[in-house]
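Comments concern the structure below.
The values are calculated or read from the model by the stated rules, or taken from the named source; none is laboratory data. From a predicted model like this one, the values you see are computed outputs, not experimental measurements. Every residue, glycine among them, receives a Cβ derived from its backbone with ideal geometry; neighbour counts consider all protein chains shown.
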Amino acid sequence: MQKALPVVIIVIVVLGIIGGGFFAYKQITKPASTIETEEETETLKELSLEDKPYTTLVPGPSCEFTLSLSGIQGSPESVEYEIVYKNEEGVTQGASGTIKASGESSTKKLLFGTESSGHRRCDKGVSGGNITIRFRNDEGKLIAKMESSFSIAEDETELSVKGLKVEGLPSKGKHLAMKTFGLPENAPGKVEYGPFGVFSNSKSLSGSPKMEGSGTLYGYDGSEWMKISGKTSALEALILSQ
């Protein structure tokens, strides 16, 4: 009996280790799915058009871009951005980070490429991608999430993104079209579709926009809305309104 006792103890210890290992595995794997579920639940809260920030991604020289948000509501503690695109080789690249909102606005300089010790390497052949904006409170909780796609055309007179096509753009320069999430100013009438925006590093930007859907086409020129029936320079925001 005394000889059998150590064997029993060893068996109990081994079973305990196996049981503990299984418990640890359950504890490790559970949070990942829980976090995903929590984020899905949180981001189901859709912001109204009036509560979304007017968001622009303006091309600069070389492969520089300026991301700007204005009309930020709810005083988030931080604004997270994530931009994903593919280069000419089909390799997924991107830029992401956190910027602190200053009042109702926030701006960030971005580079579609890399820079080290003064040497810059730009990603070539970028024709578009996706942009995601997240707002978090002072506890790090996600309070708003917005996603959109964008298109880029360089030295081309036509540009399109789902829902919008623009013709007659300057033949020189880098042009970008995207949904702007929110509006730069209260819209004339009820917005039926949009808003979109067209931005460029060209000194003089103008074009003829066409949007899907029905309604009166309005464009924003930086100071006011105006009806559009042909070529215009009022491309900072585009909507169909009733």
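Below is a table of values for the structure above.
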item	result
Verdict on S204 being more than 24 Å from L49 (Cβ to Cβ), part of a loop (DSSP other than H, G, I, E, B) and of a type in the set (S, T, Y)	yes
Close pairs from region 109-127: first more than 9 Å from C63 (Cβ to Cβ) and among the small types (G, A, S), partner exposed (fewer than 11 other Cβ atoms within 10 Å of the Cβ) and modelled with pLDDT under 95, Cβ under 7 Å, at least 6 apart	G125/E88
Whichever residue in region 151-200 is at positive phi and in a strand (DSSP E or B) and, among such residues, is farthest from the chain's Cα centre (by Cα)	G194
Test: residue in region 201-217 that is among the hydrophobic types (A, V, I, L, M, F, W, C) and at positive phi	no
In region 132-150, the residues that are over 11 Å from the mean Cα position of the chain (by Cα) and not charged (D, E, K, R)	F135, N137, G140, L142, I143, A144
Residue tally, condition in contact with a Ser or Thr (Cβ under 9 Å, 6 or more places away or on another chain), part of a strand (DSSP E or B) and over 14 Å from F65 (Cβ atoms), over region 103-120	2
Region 129-146, residues that are of a type in the set (D, E, K, R) and in a loop (DSSP other than H, G, I, E, B)	D138, E139, K141
Residue identified as among the small types (G, A, S) and in contact (Cβ under 8 Å) with a residue 40 or more places away in the chain among S208, S151, S233	S208
Among (1) surrounded by fewer than 15 Cβ atoms within 10 Å (Cβ to Cβ); (2) at pLDDT below 65; (3) polar (S, T, N, Q) - the single one T43 does not satisfy	(1)
Pick from region 210-242, criterion under 13 Å from K165 (Cα atoms) and of a type in the set (G, A, S), ranking: surrounded by the fewest Cβ atoms within 10 Å (Cβ to Cβ)	G230
Condition check for L169: hydrophobic (A, V, I, L, M, F, W, C), under 26 Å from L47 (Cα atoms), in contact (Cβ under 8 Å) with a residue 24 or more places away in the chain and touching a Leu at 6+ places or on another chain (Cβ under 9 Å)	no
Criterion: buried (at least 16 other Cβ atoms within 10 Å of the Cβ) and at pLDDT 95 or above - qualifying residue of S160, S171, S151	S151
Qualifying positions in region 73-93 - without any contact (Cβ under 8 Å) to a residue 60 or more places away in the chain and surrounded by 17 or more Cβ atoms within 10 Å (Cβ to Cβ)	V79, Y81, I83, Y85
Subset tally (residues that are at pLDDT below 90 and of a type in the set (D, E)) for region 68-87	1
